[in-house]
Amino acid sequence: MKSISLKLTLAFLLVSLIVAGLAALFTWQATTREFETVVVERIQDDFVTKVTTYYQEHGSWKGIMPNLFPRPLQQQPQQSPNPNQPPQPQQPLPLVFALADQNGMIVVPAGDYRPQDMVSDVSLAEGTPLEIDGVVVGTVLLTGETPELSQTEQRYLERTNQALLLATGAAMIIALLIGATLARSFTRPIRALT
């Protein structure tokens, strides 16, 4: 009798593990994807605000790169936490968005978009037009590069993943207890006969 009860318990546990594992996987994927979408939208809003303000102040895109997105010619060393290791060079964050002017020429390069490249009408149509006083003065183009998450954003994702793992573990323990209880109740009539 214990063999049947054990087999039923293990069967319930296996089904529960599969369901809990799939639920955790799909939840993790959806959470990560949606969180990255929120981060990209935030970065895009910051980028749009920055370039729009620049255009309103200067009346053109001329000089936007050195003024808004300076790239150091000589990278300054970053202090290493370990005094025995040499300092690491500080890398500027890669731009996730490119900017084309009203004629479709790249004025802020990023990703595969190079300075002064002409962008196709199809790519411009996929971008976000920048309007100032009802006139389109440029288009923000998504490069497809994944933005680097800030420390706060990384901590949020780590904590979300930890909570998801804890919930999955708790679901497995509950499934084991319910499986054992159900297996005993299913085999009780058979045990009563013997």
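The values are calculated or read from the model by the stated rules, or taken from the named source; none is laboratory data. In this text, all values refer to a predicted model and were calculated from it rather than measured experimentally. So basically every Cβ, Gly included, is an ideal-geometry build from the backbone, and we count neighbours across all protein chains shown. Heavy atoms of the whole protein, side chains included, go into the accessibility calculation; ligands, DNA and RNA do not. Shrake-Rupley method; radii C 1.70, N 1.55, O 1.52, S 1.80 Å.
Once the piece of chain linking residue 116 and residue 132 is laid out straight, how much longer is it, given 0.36 nm per residue of separation minus the C-alpha distance between them?
Values: separation 16, 0.36 × 16 = 5.76 nm, distance 2.20 nm.
Taking 0.36 nm per residue and subtracting the Cα distance, the gain is 3.6 nm.
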Burial ranking of peptide ranges 171-180, 59-68 (average Cβ count within 10 Å, highest at the top): 171-180, 59-68
Solvent-accessible area per residue, Å², over the chain with all protein chains present [probe radius 1.4 Å]: 69 Å²
Length gained when the stretch residue 6-residue 22 is fully extended (0.36 nm per residue, less Cα-Cα span): 3.4 nm
Check: the chain dipole with +1 on Lys, Arg Cβ and -1 on Asp, Glu Cβ, in debye: 1840 debye
Heavy atoms of residue 33: accessible area, 1.4 Å probe, square angstrom to 10: 140 Å²
Degrees separating the helix 2-58 axis from the principal Cα axis of the chain, which is the longest one: 10 degrees
Solvent-accessible area of residue 52 with every protein chain in place, 1.4 Å probe, in Å² to the nearest 10: 30 Å²
Angle between the chain longest axis and helix 151-193 axis [Cα atoms, degrees, rounded to 10]: 20 degrees
Most to least accessible of 190, 106, 43, 18 (protein chains only, probe 1.4 Å): 18, 190, 43, 106
